Amino acid sequence: MKISMIKDLLGADVICGEDLLSRHVYSACGSDMMSDVLAYVKDQAVLLTGLVNSQVIRTAEMMDMICIVFVRSKMPTPEMIELAKESEIILLATDKRMYEACGILYSNGLVGNRAKNV
């Protein structure tokens, strides 16, 4: 799925990375706990979160994610936007809640991987 389609499906605003919206992604995850993202997420290209701090950008960097969607009308700080630009991470913002945003993307073909019981 193209990032531009994610933007359209979620009615999201582009915060940065407008020139990168033609990139393709094949999976996503939703979490406000970056420790869970680091521990359990593998091969996810899009992160949906309501957490707004620089740890989100750093986590996405470490996990090679190319897009972060902020849900619930959350907006990143200028410092976060600058970090994302440096790492070529696309930032989107939607007014949808995480449950709804994940459901929309999933029902349109964007999947996640199965969590393993620990």
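Structure summary
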item	result
Answer label for Cα Rg over 2.2 N^0.38 Å (calculated), chosen among [x] 0.99; [y] 1.10; [z] 0.94	[z]
The chain, dipole about Cα centre (Lys/Arg Cβ +1, Asp/Glu Cβ -1), debye to the nearest 20	460
The chain, relative contact order in percent, only Cα pairs under 8 angstrom and at least six apart counted	32
Inter-label distance for Ser22 and Lys42, nm, one decimal - labels placed 7 Å from Cα along Cα-to-Cβ	3.3
Per residue accessible area of the chain, 1.4 Å probe, in Å²	55
With every protein chain in place, the chain: carbon and sulfur % of accessible area (1.4 Å)	50
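The values are calculated or read from the model by the stated rules, or taken from the named source; none is laboratory data. This is a predicted model, so every value here is computed, not measured. Neighbour counts are summed over all protein chains in view; Cβ atoms, including those assigned to glycine, are modelled from backbone coordinates with ideal geometry. What goes into the accessible areas is simple: the full protein's heavy atoms, side chains included, and nothing from ligands, DNA or RNA. Shrake-Rupley method; radii C 1.70, N 1.55, O 1.52, S 1.80 Å.
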